[in-house]
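Trainee: One structure, pasted below without further comment.
The values are calculated or read from the model by the stated rules, or taken from the named source; none is laboratory data. On a predicted model such as this, the values are computed, not experimentally measured, just so you know. A quick note on method: Cβ atoms are made from the backbone with ideal geometry, for glycine too, and the neighbour counts reach across all protein chains shown. Heavy atoms of the whole protein, side chains included, go into the accessibility calculation; ligands, DNA and RNA do not. Shrake-Rupley method; radii C 1.70, N 1.55, O 1.52, S 1.80 Å.
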Amino acid sequence: MTELIKLTAAEAAAKLAAGEITSVELTQAHLDHIAATDGAQGLNAFLHVNAEEALAEAAAVDADRAAGKELPALAGVPIAIKDLIVTKGQPTTAASKMLEGWMSPYDGTVTQKVRAARMPILGKTNLDEFAMGSSNEHSAFGPVRNPWDLQRVPGGSGGGSAAAVSAFQAPLALGTDTGGSIRQPAALTGSVGVKPTYGSVSRSGVIAMASSLDQVGPCARTVLDTALLHEVIAGHDPLDSTSLNEPVPAFAQAAREGAQEGSLKGLRVGVIKELGGGSGKGFQHGVIARFMDSLELLQAAGAEIVEVSLPSVQHAISAYYMIMSSEVSSNLARYDGVRYGLRVVPEDGPVTIERVMAATRAAGFGNEVKRRIILGTYALSAGNFEAYYGAALKVRTLIQRDYAAAFEKVDVLVSPTSPTTAFKLGEKTKGDPTAMYLGDIATVPTNLAGVPSISLPAGVAEEDGMPVGIQFTAPAREDARLYRVAAGLEKLLTDKWGAPFYTRIPDVTETIRDFDFGGTK
């Protein structure tokens with residue numbers, strides 16, 4: 001494994017600016033590593049690799065830098081993009097047969113911003129179909145595997161972006177977070193993932209799952225790297241009616257300040273009683289152990305640790321799946337076999353719009369997508385609207401009020417990101433689907449509240465040696481506070497371990513070489 005791919009985005013950007021390396025060298029090193037570790041006999045993190053275009057952009061950046069032109073901070077640093085974000089010139093499939101091979105005629109707003117930042121796009125990453133899943137086993141093009149253990153899931157829906165970053169296939173990646181799809185995979189793969197304040201990053205050009213919950217965010221291996229990428233993609237967009245018309249805060253500066261001595265002194269940290277506080281009931285022992293270790297470090301650094309209660313959080317999963325499924329039912333109605341995407345014409349009988357639509361949706365959607373469409377359609381029906389969807393909206397309001405009340409007492413809230421470490425492939429895809437849904441218990445509430453959250457590695461669980469994530473949540477529009485606090489804890493943990501967490505990641509090239517893929521495809 002070349003040392004180039006082990007550089008953080010911040011380190012790579014500094015070396016590029018100093019002329020110590022070139023973007024072509026850096027991009028080629030990542031493309032070579034993708035070729036060695038991905039595909040059917042590998043992680044399967046990428047659905048499309050954009051080698052030719054990425055190298056062309058890298059060469060153009062190198063030429064402009066040699067000519068003395070002023071370049072953006074991350075110019076020449078390569079990036080991967082979740083295949084839910086439309087990207088001109090590359091397939092955008094949402095990991096579904098419904099959109100297999102579809103080429104977007106335009107770039108989404110965040111893709112435009114990445115291009116404007118002169119970052120070579122390595123390719124499009126795998127995900128659960130239409131972002132529906134918590135394990136990345138629901139992709140129509142095969143599951144993604146966890147770089148720490150190829151028999152385990154990387155989390156979902158954005159397991160491709162998280163795995164790519166964790167496995168050094170990319171220094172940065174974009175994901176989307178509807179109920180934890182950035183943060184939960186980050187926790188399970190030992191990387192860093194951020195769900196920004198709702199509306200602070202444009203959703204224009206992001207294939208909609210649940211519009212009132214979806215949010216684009218950064219994935220990386222360090223807090224500073226996520227902050228740097230967040231600055232690139234944030235900002236008002238007139239193409240998104242929910243976009244906040246506010247200046248972009250100095251996220252990277254906040255992260256750098258957070259890593260300084262004494263930055264956590266006087267910080268009020270609220271441990272959520274219902275999410276790993278108190279007895280820790282429902283959470284894996286190793287997860288709670290690492291969580292408590294982190295709290296001890298925070299307290300030793302001068303932070304005040306207090307327990308807070310968010311009573312309505314116990315209803316968050318039920319409310320989330322009702323609201324999300326209802327919006328899924330509405331958003332996915334456009335895939336009808338008529339306008340674009342897959343079209344299946346019945347072989348026998350009359351060819352009508354209704355029969356083409358039925359045949360297309362039956363063939364194009366996977367089981368999890370169908371399950372959520374059916375649930376959402378039922379919830380939105382005339383006789384059920386108030387009893388299900390309306391009731392869920394009321395619970396959402398209660399959750400928002402609970403968060404607002406908590407933030408009157410504390411600066412940030414903290415909990416484990418996921419109640420367990422990564423589970424085995426196939427372990428939860430059979431039987432009751434709610435068994436997997438419950439894995440989102442700690443991440444879903446923040447999407448319902450619209451507030452920002454970050455997950456960073458807190459260590460590994462002693463039971464299985466798999467990564468554990470810790471999650472900080474701040475009030476809406478206080479994303480910079482998240483970076484300051486998360487970078488402070490990251491520094492404390494790094495000092496305790498003697499090295500950054502990502503240095504522990506196994507060499508996936510060697511792991512793949514010795515792994516039997518026979519029973520896991």
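Trainee: Tell me the label-point distance for the pair Ala60, Ala14, using the 7 Å Cα-to-Cβ offset, in nm and rounded to one decimal.
Mentor: 2.9 nm
Trainee: Place the peptides 416-423, 32-39 in order of packing, highest mean first, counting for every residue the other Cβ atoms within 10 Å and averaging per peptide.
Mentor: Final packing ranking: 416-423, 32-39.
Trainee: For segment 215-271, what is the Kirkwood estimate of the hydrodynamic radius, computed as the reciprocal of the mean inverse distance between distinct Cα atoms, to one decimal in Å?
Mentor: 13.3 Å
Trainee: Let a ≥ b ≥ c be the square roots of the eigenvalues of the Cα gyration tensor of segment 342-467; is it rounded (a/c under 1.5), or, if not, prolate (a/b larger than b/c) or oblate?
Mentor: Details: a/c = 3.16, a/b = 1.55, b/c = 2.03.
Oblate.
Trainee: Name all residues of segment 429-444 having a backbone nitrogen under 14 Å from the label point set 7 Å from the Cα of Glu463 along its Cα→Cβ direction, giving them as ranges.
Mentor: Zone members listed by number: 439.
Trainee: Which of Thr446, Ser418, Val395 sits closest to the plus end of the dipole of segment 389-462, meaning its Cα is farthest towards the positive end, when Lys and Arg get +1 and Asp and Glu get -1 on the C-beta?
Mentor: Val395
Trainee: A further question on this structure: Of the listed values [x] 44; [y] 21; [z] 48, identify the label whose number matches percent of Cα pairs over 38 Å apart calculated from this model.
Mentor: The value matching this structure is [y].
Trainee: Still on this structure, please answer the following. Looking at segment 315-385, which GluC sites (Glu not before Pro) are DSSP coil and have at most 16 other C-beta atoms within 10 Å of their C-beta?
Mentor: Numbers: sites: Glu327, Glu347, Glu354, Glu368; in loops: Glu347.
In loop regions of segment 315-385 (DSSP not H, G, I, E or B), the sparsely surrounded GluC sites (Glu not before Pro) are Glu347.
Trainee: Need the list of lysines near Lys424 for cross-linking: C-alpha distance under 28 angstrom, and skip anything on the same chain fewer than eight residues off.
Mentor: Lys6, Lys82, Lys97, Lys124, Lys195, Lys281, Lys370, Lys521
Trainee: Once the piece of chain linking Glu354 and Ser309 is laid out straight, how much longer is it, given 0.36 nm per residue of separation minus the C-alpha distance between them?
Mentor: Stretched fully, the Glu354-Ser309 segment lengthens by 11.2 nm.
Trainee: What does the C-alpha gyration tensor say about the overall shape of segment 1-107? Classify as rounded when a/c is under 1.5, otherwise prolate if a/b is larger than b/c, or oblate.
Mentor: Taking the square roots of the gyration eigenvalues as a ≥ b ≥ c, segment 1-107 is oblate.
Trainee: Setting aside same-chain residues fewer than 8 positions from Lys409, which lysines have a Cα under 20 Å from its Cα?
Mentor: Lys265, Lys273
Trainee: Also, quick follow-up: In nm, to one decimal, how far is the modelled label at Thr2 from the one at Tyr340, with both set 7 Å along Cα→Cβ?
Mentor: Simple spin-label model gives 3.6 nm for this pair.
Trainee: Based solely on its DSSP helices, what 222 nm [θ] is calculated for the chain when runs of n ≥ 4 H residues each add -39,500 (n - 2.57) and the sum is averaged over all residues, nearest 500 deg cm²/dmol?
Mentor: After summing the helix terms and dividing by the residues of the chain, the value is -11000 deg cm²/dmol.
Trainee: What accessible area per residue, rounded to a whole number of Å², is obtained for segment 45-169 using a probe radius of 1.4 Å?
Mentor: Heavy-atom accessible area per residue stands at 27 Å².
Trainee: Which shape class applies to segment 73-161: rounded if a/c is under 1.5, otherwise prolate when a/b exceeds b/c and oblate if not, where a ≥ b ≥ c are the square roots of the Cα gyration tensor eigenvalues?
Mentor: Oblate shape, in that a/c is at least 1.5 and b/c is the bigger or equal ratio.
Trainee: Which helices pass in the chain if a helix is a full DSSP H run, must span at least 15 angstrom along its long axis by Cα, and must have mean Kyte-Doolittle hydropathy not below 0.5? Don't skip to the answer; put the middle values down first.
Mentor: Working: long enough: 23-37 (21 Å, 0.17); 51-66 (22 Å, 0.02); 223-233 (16 Å, 1.38); 285-300 (23 Å, 0.56); 316-331 (22 Å, 0.44); 353-364 (16 Å, 0.35); 367-380 (20 Å, 0.02); 391-406 (23 Å, 0.21); 479-497 (27 Å, -0.31).
Helices meeting the criterion: 223-233, 285-300.
Trainee: What is the percent carbon and sulfur in the accessible area of the chain, measuring with a 1.4 Å probe over the protein chains and ignoring ligands?
Mentor: Working: 10140 of 19010 Å².
Whole-percent figure for carbon plus sulfur exposure: 53.
Trainee: Heavy-atom accessible area per residue, segment 291-352, 1.4 Å probe: how many Å²? All intermediate terms of the calculation are to be shown ahead of the outcome.
Mentor: Details: 3010 Å² over 62 residues.
Per-residue accessible area for segment 291-352 comes out at 48 Å².
Trainee: Sticking with the crude label model, points 7 Å out along Cα→Cβ, report the distance from Glu100 to Ser241 in nm, one decimal please.
Mentor: Taking the simple label geometry, Glu100 and Ser241 are separated by 3.5 nm.
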